[in-house]
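Okay, structure first, notes after.
The values are calculated or read from the model by the stated rules, or taken from the named source; none is laboratory data. The shown structure was predicted, so the numbers you read here are calculated from the model rather than taken from an experiment. Note: ideal-geometry Cβ built from the backbone for every residue, glycine included; neighbour counts use all protein chains shown.
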Amino acid sequence: MIRLLVRFFLLAAAAAGFAWVADRPGTIVIRWLNHEIETSVLAGLAGLIFAVLALWFLFTSLRRLIGTPGAIGGYFRFRKARRGYESLSRGIIAAGAGDGQSAHRFAMIAGKNLSDEPLLKLLEVQAAQLKGDRGKVRRGFEEMLKTPETKALGLRGLFAEARQSGDLTTARGFAEEALKLNPALGWASSAMLAIQSQARDWDSALATLETQRKTGQQVPERAKRMKAVLLGAKALAAETRDPRSALDFALEAHKLDPALVPAACVAARLYAAQGAQRRVWRVVSKAWESAPHPDLAEAYAYARLTDAPGDRYDRVRRLIGAYAGGTEGAYALGRAAAEARQWDDAMKALSPLIASDPGARICALLAEIEEGRGDKGRAREWLARAVRAPSDPMWVIDGAASPYWTPVSPVTGEIAFAEWKVPFEQLPRQAAPQAEPEPVVEEAEVPPAPPPPPALATPAPQAPEPPPPAPAPVPAAKPRPARSKPRIVEPARPPDDPGQPEDDPDQPGRRVSAKS
């Protein structure tokens, strides 16, 4: 609409100008080379306009005529580039779909039509990867290092190739070079953090983690937990050679994550070595409230090495009284009571766990308690139950279980958070607690075969009189396959066996009960 208005006003202005000239007649005389041209003002003005238009048309035609070869060449270049980019696009799609043959064919077509396209190098490398040509893949990534636009991509590819071949030293060099090129590269910093953690280079790992936090590559809460894990690992490594620094690392880790058991245990042991009993209580109680663990109870029980077992039992009882701790609390209290030879208190502490299918360590501890109380038959019974009892909790990290805490996942090689729980593969079976002792009594007594039921006792109608009181025929006992002897684990001695000399507490070679 605005353009129409502008054109209208221009035409109106031109018409008004011509009208104004027409109302004011005059003549124009041109003398040039003994020639004289005389015309009116209006005709002269029209001739001038016509001459300008003719010159403009002539100039435009000459320019198009001169540029025609370049235009024709540009058209063919455009077609060639378009064909190359179409092949490049199809090749990338084929590589993403895993069609190595098509990807290689489209890469060849794109290479003939495109010269300096960075994506062409990437497509060639992907096609070589699908074909399994590792040498060509490596040469392709090395070629990318020569171009600034593709240098980071080439470094990542060479890093992946080196790590896949097991050359961690070379892989670390590529990751470091990539970080120098761009500190915000997430893959490079994550790879460096994993390599440094596997090499137990905790200082470098902490520096890399701090860089990730500043660049926003890690969520603040996760970065906080990862820092606590690294500090805990650093405290464990320095506990014996540099106790003072180890205590600082452990306290910082405990402050970041109170539920980190290894850091709290290191701090408690080092405080105990200094004789700071109140600080031991403060660290252990805070960690126990968040994550009960038997190592915490042991660290607090032995806060003073010169204490008698009874004093250690009182200390553990104080911890459990403040924070119960569930199963771990009951086991720790029972363990301490057993060490103090307070057998009744130990049994009382473990009694809530007996009805809930106790684990192997609970059964072994109950066997020790029963042996301490003088009931060797019950002790052997608990030892037999310990063999088939559910497994005890362990440190589980990425599905891998270990009795020892580790900051690095054995599956991924990266920093991970270990959990104290029963491994998934070793969860208790539903049929495990159904080890009823009744079949043992029945098989031990070996009762005579019962008489057959009435329905089975009348197989011979030929005899009108009842048979004499003789044993039932043998074939009548065959329809009882369900009474077959079950497979049970029998103790080494019967429950009423007084025992062998090695079970006598007065003998020097007395057998020691198993401990968890």
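Among the residues making up the stretch 189-233, those that are among the β-branched types (Val, Ile, Thr) and closer than 19 Å to Glu176 by Cβ are Ile195, Thr208, Thr211, Thr215. The set of residues from the stretch 127-153 being touching a helix residue (DSSP H, G or I) at 6+ places or on another chain (Cβ under 8 Å), closer than 17 Å to Ala95 by Cβ and of a type outside the set (Ser, Thr, Tyr) comprises Ala127, Ala128, Gln129, Leu130, Lys131, Arg134, Lys136, Val137, Gly140, Phe141, Met144, Leu153.
Of the helices (runs of 4 or more DSSP H) lying entirely inside the stretch 1-120, those containing at least 1 residues that are surrounded by 10 or more Cβ atoms within 10 Å (Cβ to Cβ) and among the hydroxyl-bearing types (Ser, Thr, Tyr) are 41-97, 100-113.
Residues in the stretch 222-255 that are crowded, with 19+ Cβ neighbours inside 10 Å and in contact with a Lys or Arg (Cβ under 6 Å, 6 or more places away or on another chain): 1 in all. So in the stretch 198-218, with the set limited to residues that are of a type in the set (A, V, I, L, M, F, W, C) and at pLDDT 90 or above, which one is surrounded by the most Cβ atoms within 10 Å (Cβ to Cβ)? The qualifying residue surrounded by the most Cβ atoms within 10 Å (Cβ to Cβ) is Ala205. Any residue at all in the stretch 221-232 that is within 21 Å of the chain's Cα centre (by Cα) and closer than 19 Å to Pro294 by Cα? Yes, the stretch 221-232 contains at least one residue that is within 21 Å of the chain's Cα centre (by Cα) and closer than 19 Å to Pro294 by Cα. Per the listing Ala205, Ala188, Ala233, the residue uniquely touching a residue at least 60 places away in the same chain (Cβ under 8 Å), closer than 30 Å to Leu158 by Cα and among the aliphatic types (A, V, I, L, M) is Ala205. Of the residues in the stretch 300-319, none is surrounded by fewer than 19 Cβ atoms within 10 Å (Cβ to Cβ) and within 29 Å of the chain's Cα centre (by Cα).
Would you call Ala97 in contact with a Gly (Cβ under 7 Å, 6 or more places away or on another chain) and either aliphatic (A, V, I, L, M) or within 29 Å of Ala188 (Cβ to Cβ) (or both)? In short, no. Of all the numbered requirements in (1) over 30 Å from Gly232 (Cβ atoms); (2) surrounded by fewer than 21 Cβ atoms within 10 Å (Cβ to Cβ), Arg279 misses one, and that requirement is (1).
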